[in-house]
Amino acid sequence: MTKQSIITLLFSGLSLIGSASTFASSIPTEVLSAYQQGLSGDQEKNQAAFNALSKINETSPNPVVLALLGSSETTQARYTNKPWQKMKFAEKGIAKLSKAIKQAKDLPYLQQARVNVTAGCTFSQLPKMMNRAEHGRYLLNQVMEQKSQFGSLESTLQASAYRCASIAAKKLDDAKGAEQFMALAQSVAGQSTAGIKD
C-alpha cells in the first residue's frame, strides 16, 4: 500500500463516509467528500464544506455536524497568511469542537466516538504552541479505552484515532507512543484494504 493510499484511507475515517449514524446521515456525501479534501489540503473544498456544514448546522444541529463544522473552521487557519486571521479561525473552530464534545457526552458510544475522534484529530494537528495535543490525546484515549466498542467501529475511524494519537504523542515528546500508534494505524489500514487487489 502506498503512503498516499494510507493517508487517503486515514482521512476518510474523519469524514464519516458510510456511517450508520443517524446524525451523520443528515450530511450529504458530497459535503463529506469536500470536508475530506479540505483536510487533505484543498482550500476551495474546505470552504465549500464549511459553508455547507454551517447551513446543515442551522437546520439540523447535532454534535457530529458541529464537530465537523468546528474542524473545517479550524482547518481554515491553515489557508491564511495573516496571524490574527489564523487565530480567529482556530479559536472559533475550537469553541465549536468543545461545544460538540459537551453535547455528545450523553450520547451512545458511536456518536461520542465520532465527535471525539474528529475533535481529537483536529486538536492533535494544531501547532504545538496552542497546547491542544494533551486534550486531543485525552479525547482519543477515551474512544480507544472502550476496547470492545472501539473494535466495532469501522476500520477507517479506528485508523484515524490511532494516527491522530500518534501525532499527539509526537507533539508531547512521546516518541515511543507515536511509533506504536502509527504502527497500529497502518495495521488497521492494511486490514481494511486486504482483498481489494483481488
task: Quick one: net charge around L32, please, counting Lys, Arg +1 and Asp, Glu -1 for every other residue with C-beta under 14 Å from its C-beta.
output: -1
statement: Taking a crude spin-label model, label points 7 Å out from Cα along the C-beta direction, the K88 to N51 distance in nm is 1.8 nm
- prompt: Considering only DSSP states other than H, G, I, E and B, which trypsin sites (Lys or Arg not before Pro) in the range 104-194 qualify as loop sites with at most 11 other Cβ atoms within 10 Å?
  reply: K105
- request: For each pair in K55/K99; K45/K86; K86/K176; K82/K171; K82/K170; K55/K128, compute the distance between the two Cα atoms and list the pairs where it is over 22 Å.
  value: K86/K176; K82/K171; K82/K170; K55/K128
message: How big is the dipole moment of the range 104-198 about its Cα centre under a simple scheme where the beta carbon of each Lys and Arg is +1, that of each Asp and Glu is -1, and everything else is neutral? Debye, nearest 20, please.
response: 200 debye
message: Suppose R0 equals 22 Å. What FRET efficiency, 1/(1 + (r/R0)^6) with r the Cβ-Cβ distance, do L172 and K102 give to the nearest 0.05?
response: 0.40
query: Can you work out D for the range 114-198 in µm² s⁻¹ from Stokes-Einstein, where Rh is the Kirkwood radius over C-alpha pairs, the temperature is 20 °C and the viscosity is 1.002 mPa s?
result: 167 µm²/s
- prompt: What net charge is computed for the residues neighbouring Q76, neighbours being all others with C-beta under 13 Å from the C-beta of Q76, Lys and Arg scored +1, Asp and Glu -1?
  reply: +3
field: Whole-number D in µm² s⁻¹ for the range 48-191, Kirkwood Cα-pair radius fed into Stokes-Einstein, 25 °C, 0.890 mPa s
entry: 160 µm²/s
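Each value in this text was obtained by applying a stated rule to the coordinates, not by laboratory testing. Everything numeric in this text was worked out from a predicted model, so none of it was measured. As a convention, Cβ positions derive from the backbone with ideal geometry for all residues, glycine included, and neighbour counts pool all protein chains shown.
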